[in-house]
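The values are calculated or read from the model by the stated rules, or taken from the named source; none is laboratory data. Everything numeric here is computed off the predicted structure, so don't read it as measured data. Don't worry about glycine lacking a Cβ; one is built from the backbone with ideal geometry, like all the others, and counts go over all protein chains shown. What goes into the accessible areas is simple: the full protein's heavy atoms, side chains included, and nothing from ligands, DNA or RNA. Shrake-Rupley method; radii C 1.70, N 1.55, O 1.52, S 1.80 Å.
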Amino acid sequence: RTNIVVELATALFIPGALIALIGAAGSGKTHILRRLFLRLIEENKATQEQVAQEKRAPTRVPIYAALRDLNVDLPFKAGLSHAIGAEPDLIAYIFERHDPILVLDGLDECVPVAKQAIARHLREMRELYPRISILVSSRRT
């Protein structure tokens, strides 16, 4: 049986990937996303040596965020920066210079207005950055 974390990591390295991880409460979605994020970091580190030899910037940068922490009243990158405690300039740099992989947990934990704002923000990000890969987790509704 294939490991879901490996499958998701492979899929997310495809530019423009859009994946929804849907499951019941307590089914392990957050656990899978955290393991996935660590795997993406490890895979990114492995490519760093190759990137250093070729003297070019890495192309994929994973970002993990709990959607309940996202301030949807801010522009998406500012809200993401706030949610993960990163400098806004760093998030802007990643989006402008790299192809981010967003691992976004818990859409179901957001109020309906926030869900709509997040959907709008993600559509806008995909239009501005077509190579961005996004995974969103949610409970079945």
Residues of segment 88-118 that turn out to be touching a Lys or Arg at 6+ places or on another chain (Cβ under 8 Å) and open to solvent by 30 Å² or more (accessible area, probe 1.4 Å), as a count: 5
Residues of segment 91-125 classified as under 12 Å from the mean Cα position of the chain (by Cα) and among the charged types (D, E, K, R), total: 2
For Gly85, state whether it is among the small types (Gly, Ala, Ser), on the phi > 0 side of the Ramachandran plot and surrounded by 15 or more Cβ atoms within 10 Å (Cβ to Cβ). no
